[in-house]
Amino acid sequence: MPISLPIRKVGSLLLAASLLGAQVAPVQAGMIGTGHLLAAEQGRLDRARLSSLLEREDLQQQLAALGVDVNDARNRVAGLTDAEVARINQRLAELPAGGDVLGVIVLIFVIFVITDVIGATDIFPFIHPVK
């Protein structure tokens, strides 16, 4: 059964209108500076270093003793900005050799408290966020 002429015309008109209505977004290319790439890579390395610390058994036990779930800590580290991760790693580098794990735990605990106070998370029920 052949398609009638008015249906063909309407179909052709709709097809033409849809093709004319589709706009192609312009493509832009630009140079990426070495500094930008190095900063991105350094941020990735800093985050990986901090995440690897959370895999340590002694740190996980200390976090559990403080009432912090290790998965919450991992999620929190994933949500930190590159600058925050860099500051934490800098602080960890300043700790004495031999591993002052308690200092790391206190630092992470303080970060958790600060993010609870600003309302970014709700880990500790005794901390009420600022409004």
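Read the figures in this text as sums done on the coordinates, not as results from a lab. As the structure is a computational prediction, the values presented were derived from the model and not from experiment. Don't worry about glycine lacking a Cβ; one is built from the backbone with ideal geometry, like all the others, and counts go over all protein chains shown.
Taking 0.36 nm per residue of separation and subtracting the current Cα-Cα distance, fully stretching the chain between Lys131 and Leu13 would add 36.8 nm. Computed about its Cα centre, the charge dipole of the range 1-91 is approximately 540 debye, with only Lys, Arg, Asp and Glu carrying charge at their Cβ. In this simple spin-label approximation, Ile32 and Asn71 carry label points 7 Å from Cα along the Cα→Cβ vector, and these lie 3.3 nm apart.
When the helix-only estimate is applied to the chain (DSSP H runs of n ≥ 4, each -39,500 (n - 2.57), divided by the residue count), what is the mean residue ellipticity at 222 nm, nearest 500 deg cm²/dmol?
Details: 6 runs with 86 residues, N = 131.
Roughly -21500 deg cm²/dmol at 222 nm, from the helical runs in the chain.
Only Cα sites of the range 32-131 enter the Debye sum here, all with the same form factor; the resulting log10 I(q)/I(0) across q = 0.11, 0.18, 0.25 1/Å is -0.36, -0.88, -1.42, listed in q order.
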